[in-house]
Each structure stands twice: as C-alpha cells, then as structure tokens.
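Encoded as structure tokens, the structure appears first; notes follow it.
A short reminder: the numbers here are calculations on the coordinates, not readings from a lab. The structure presented is a predicted model; accordingly, all values stated were derived computationally and were not measured. Ideal geometry is used to build each Cβ from the backbone, glycine not excepted, and the neighbour counts take in all protein chains shown.
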Amino acid sequence: MNITHISAECYPIAKVGGLADVVGALPKYQNTLGLKSSVIMPLYDNKFTQEHTFSTIYQSEVALGETAYDFSILELENSTLEFDVFFVDIKSLLFKDYVYSFDDTDRFLAFQIATLDWLLTLDTKPNIIHCHDHHTGLVPFMLQESYKYESLNKIPVITTIHNAQYQGGFGYDKLGFIPEFDLKNVGLLDWNNQINPLAAAIKCAWRVTTVSPSYMEELKQEANGLQDLLKAESQKCVGILNGIDAAVWNPEKDEYLISNFSEKNVNLGREKNKKWLCETFRLDPTKPLFAFIGRLVYEKGSDLLPEVFQNILKENNCSILLLGSGNKEVEAELNTLKEAHQGNYNAFIGYDEKLSHIIYGGADFLLMPSRVEPCGLNQMYSLRYGTIPIVRSTGGLKDTVVDIEKENGFGICHKEVTVAEIEHAIQRGITLYKDQEKFKEIRKNIMKIDHSWDASASEYIKLYKSIN
Ligand code: ADP
Ligand code: GLC
C-alpha cells in the first residue's frame, strides 16, 4: 500500500513543533510494517536544504488567480532518511527561511495545488493520501470537487488534526484560486462566512483523526468554533495517540546529550547532563531543576509562567530553566526575571534542538501547564529520558501521564490552568525530590514506558485498510 503524507513540516528537514516530529517518524515506522510511505512538503530555504542536493523530477506552473508561479517537484539525493521525501519548490512563495508567515494562504494553496497536479501525472498513484493540519486542508475538498482532479477522487484521503486552534481561514476574494468546481458545493468550504480549510477537510476527508483519544472527545465540546461540525461528523472521526521516534529520542545514543545513559546508569548520566545545564545557565545543581520547553503561546499556558516563577523563586528551593519563543510580551517578562533570580533561574529565548535534548536528559521535572494539548510530545520525550512530567490533565497529557497519588502513578497532574495550581504542582515536585529514593525509583520506571510508534503506527494501518 502506497501512502503519501502531505505536510508543511517534517523532521529533520523543517520543524516548528510536534507536527514535524510526527511526519518525520510515522512514515518510517509505516515502512517497517510493510507499507510504502512517503512525504511531500514545501522546499524551504533552511539549513537542511542548503546542506543537501536535489534532483528535479517534474516542472510545471500553478496559477493563483491572475498570477502564475513556476514550480518544480524535487527529490532528495543520497537520502539517509528511511522514507522518500518529495519537495514542492516555488521560489517566490515557499522557498523562504521560515515555515509559517503572514502570507500562508497563498503559499499553502499553491503548495496543495502543485502537489495534486504532480500526483495527476504519476503512473503509480498513492493508495491513501494522508493530510496533516489546515495547511493541507483543501486537498480533500479539491480531490472530491475540482474537475481537474476527477481521476484522483477515488483515492481515500485522511486528515489528521494536530491542532484545531489553527484553521487557516481566508476570505472569498480568493475563491477563484481554488481549481474550478461546481459552485453549488461551495458550502463545503465554508464556516462562518469564510473559507475554512480545516472545516473543509473535516467535511470532505474520508476519515478524520486527531492525535490522542481525549483530544478527540474534547474537540466535540470545544474546537475553536468547529465543535458542532466535529460532533456532526463524529462517525468518521477517531483519536490515535502519537508515538515518538525511539531511534531519534534514545538517551543511550542521543548525540546531542552531554552524557548518554540507560536505565542502568540513569543517575550518573543525568547528573552529568544536569551539571552541564547548571554550569551553562548558572543554576544551582543541588536544587531540583524544573524546565519548560515549548512555544510561548496561550495554549501552552506560558503566559502564566512569569508570575508562577516569580512566586516559586521567592522560596529559593528550586532552579528553573526555560527554552522557548513566541509571544513577545511573555518573552520580555521571562527575560526580565533573570536579573532578580540569578543562580536559580534562566531562560533561553529561541529555538535550539540540541539544548532541548539536554534538558530532557538533565532537568528533574518538565512543566506542561497547557490549556490545550492535542497530544504533546514533550512529556513522552521526558518519560523516555527520565524527567518527571508535571502536566495539566488535558488532551494527550491526560492520556499519557498518571498522577503519583494514583495506582502506578509516575507524574504530577493538575486540573486547571491557574497560577495557584501550577505553583502547587511545582511544590509537589519539590516535596517528591526530597524523597530521593522514591524520586529515583519513579525516574527509572518511567524510562521503561513504551511510547514508540510501534503501537500507533499499526492503528493507522488498520484505518487505511478500512477505507481502501
Ligand atoms: P507543539 O507541536 O504544540 O509545539 P509538541 O509537544 O507536540 O508541541 O512538540 C513540540 C516539539 O518541539 C518537541 O519536539 C519539542 O522538544 C520541540 N520544541 C518546542 N520548542 C522548542 C524550542 N524552543 N527549542 C527546541 N525544541 C523545541
Ligand atoms: C500539535 C499539537 C501537539 C501535538 C503535535 C503533534 O502541534 O499542539 O499537542 O503533539 O501537534 O501531533
């Protein structure tokens, strides 16, 4: 069975968040299970593309209204990835040093049209088209409705919602950019008098998945306006928990770590990573180290962190390290805290893949006070590396972290996203850290939890087979 994943991100080629990790791992696992899974994504101007060479396999042009853009489909040469990747190269639209920006409507529309134009020319068509998030949300609609793609409309198409907060809505002034279709079906594109790619995907995809079972249920209550649609389409919706790439995220082999370790030498290995973090960020290594890694956006609860940190740091009994970027005000507040709390607090505002790995390998606790967390990969990386997760029980966090007060519990969970509850959860971590025997036992045990893609990849295969 040939699967074509269509995505804006794919690790290690271009990553903004967890979408990249999923699209960079799922095809790999699917291939080991006997499928032929490949990815098609935009060609960006970034480190990966600068360091690799590509061959052109197709050239044509795509029109958005009056403007025509030349595009090429490229294939990666001498690939060491364990799946095929194809790129849509549109110099003036996609080939930028960023993944997302203000002009995403045109960029991703052109990407989707170019992708389908190319698929039309292939002798061997995919058996399943698997789309990810709103950037590819018009693919199911175009396959079903655009005259041009009629010969592809028997191919089952799946949309995975990684995050329903973002829907890619745009105005009807760009309706003409979508390859011609019967206008009486224009309602399929619509949500609240806008063209809404995510809504169109939910309506037109053969199946809709999201990245954890709990998030699927939550979406039927609150989906940034799409809850009623998800309720109405619930018979074709299913939540499949993401996995992690256990080869990339392996503390025994991870090249980013200062010191590699397994369950057997976890204490020593983690101590060395923590020492490096504390030296680099001038923190006290004798105190429990709490970390946050992530996008500084409202969904992640990061706006509350400056106040939480300020309150917690008054007591002087823990260290805090933050890695992230996003909201400029939150960034500024997090930076301001540095001076008053030197020695106990530091923040790296930016994106740093290596540092993130060392934090998973050296911090004692990882904070995820998310308001919305469709799946969350950070907590799964933490578990694999022996960092105890402190999470707000929502979405995928609810499905993967059990509170220490419960039977076989191993994490710290809180119900609401308030300064008081996050602080209380951190205090519980400080108390747990004082009981070093219990702390170390939990740390060792969580490393054994298997969240690799093995289980979930086969759930996707079952789903593909059910519609193929
Ligand atoms: P989301 O996709 O909503 O951002 P996930 O938990 O699914 O959340 O995935 C986030 C991914 O991005 C993880 O691999 C995490 O380590 C990484 N990440 C987030 N922010 C940073 C950062 N500032 N530097 C390095 N890695 C980051
Ligand atoms: C999204 C979600 C995150 C999820 C990731 C991968 O970015 O915010 O929770 O883990 O996609 O599916």
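With the largest listed first and rounded to whole Å, the semi-axes of the equivalent ellipsoid of segment 266-446 from the Cα gyration tensor are 21, 19, 15. The loop-placed GluC sites (Glu not before Pro) in segment 31-77, going by DSSP, that have at most 10 neighbouring Cβ atoms within 10 Å of their Cβ come out as Glu66, Glu77.
Taking a Cβ cut-off of under 15 Å around Phe54, the surrounding Lys, Arg, Asp and Glu residues balance to a net charge of -4, with basic ones at +1 and acidic ones at -1.
Once both labels are positioned 7 Å from their Cα atoms along Cα-to-Cβ, the gap between Asn408 and Asn335 label points is 4.7 nm.
With bins 20 Å wide beginning at 0, the percent of Cα pairs of the chain falling in each bin runs 24, 54, 21, 1.
At 222 nm, what helix-only mean residue ellipticity would the chain give, in deg cm²/dmol to the nearest 500, using -39500 (n - 2.57) for each DSSP H run of four or more?
After summing the helix terms and dividing by the residues of the chain, the value is -11000 deg cm²/dmol.
From a point 7 Å beyond the Cα of Asp182 in the direction of its Cβ, which residues of segment 110-149 have a backbone N at a distance under 13 Å? Backbone N within reach: 144-147.
For segment 425-449, backbone nitrogen atoms closer than 17 Å to the point 7 Å from Asn267 Cα along Cα-to-C-beta are found at 433-447.
Of all lysines in the structure, the ones whose alpha carbon falls short of 25 Å from that of Lys174, not counting any fewer than 8 places away in one chain, are Lys91, Lys96, Lys148, Lys184, Lys203.
Gyration tensor over the Cα atoms of segment 307-357: the corresponding equivalent ellipsoid has semi-axes (square roots of 5 times the eigenvalues, largest first) of 19, 14, 8 Å. Among Lys184, Lys28, sorting on how many other beta-carbon atoms sit within 10 Å of each Cβ, with the fewest leading, yields Lys184, Lys28. Normalising the Debye intensity of segment 85-135 to I(0), with uniform scatterers on Cα atoms only, and taking log10 at q = 0.26, 0.29, 0.32 Å⁻¹ returns -1.16, -1.31, -1.43.
What is the calculated FRET efficiency for Phe95 to Gln194, with r their C-beta to C-beta distance and R₀ = 35 Å, to the nearest 0.05? Let's see the in-between values first.
Values: r = 28 Å, r/R0 = 0.80.
For R0 = 35 Å, the calculated efficiency reads 0.80.
Normalised by the number of residues in the chain, the mean separation of alpha-carbon contacts (under 8 Å, six or more apart) gives a relative contact order of 12 percent.
From Cα pairs below 8 angstrom and at least 6 apart in sequence, can you work out the relative contact order of segment 251-360, rounded to a whole percent?
Once normalised by length, the contact order is 29 percent.
Counting only lysines at least 8 places from Lys465 when in the same chain, those with an alpha carbon closer than 20 Å to its own are Lys28, Lys36, Lys125, Lys154, Lys236.
Cross-link reach is defined here as a Cα-Cα straight distance under 27 Å, omitting same-chain residues fewer than 8 places apart; for Lys440 the lysines meeting it are Lys253, Lys264, Lys272, Lys274, Lys275, Lys287, Lys314, Lys354, Lys398, Lys406, Lys415, Lys448. Legend: ranking of residues Val22, Val419 from fewest to most surrounding C-beta atoms inside 10 Å; resulting order Val419, Val22. Fewest-first ordering of Tyr215, Tyr147, Tyr44 by other beta carbons within 10 Å of each residue's beta carbon gives Tyr147, Tyr44, Tyr215. Could you give the distance between the Cα centres of segment 141-191 and segment 205-265, to the whole Å? Going from one Cα centre to the other spans 25 Å.
So what's segment 1-153 giving for Rg/Rh, alpha carbon basis, Kirkwood Rh from the mean inverse pair distance? Before the final figure, lay out the partial values.
Values: Rg = 14.5 Å, Rh = 15.6 Å.
My calculation puts Rg/Rh at 0.93.
Note on segment 143-190: the alpha carbon radius of gyration divided by the globular reference 2.2 N^0.38 Å gives 1.31.
Roughly how far apart, in whole Å, are the Cα centres of segment 353-420 and segment 279-334? Rounded to whole Å, the Cα centres lie 15 Å apart. Spin-label model, Glu252 to Asp70: label points 7 Å out along the Cα-to-beta-carbon direction sit 5.1 nm apart.
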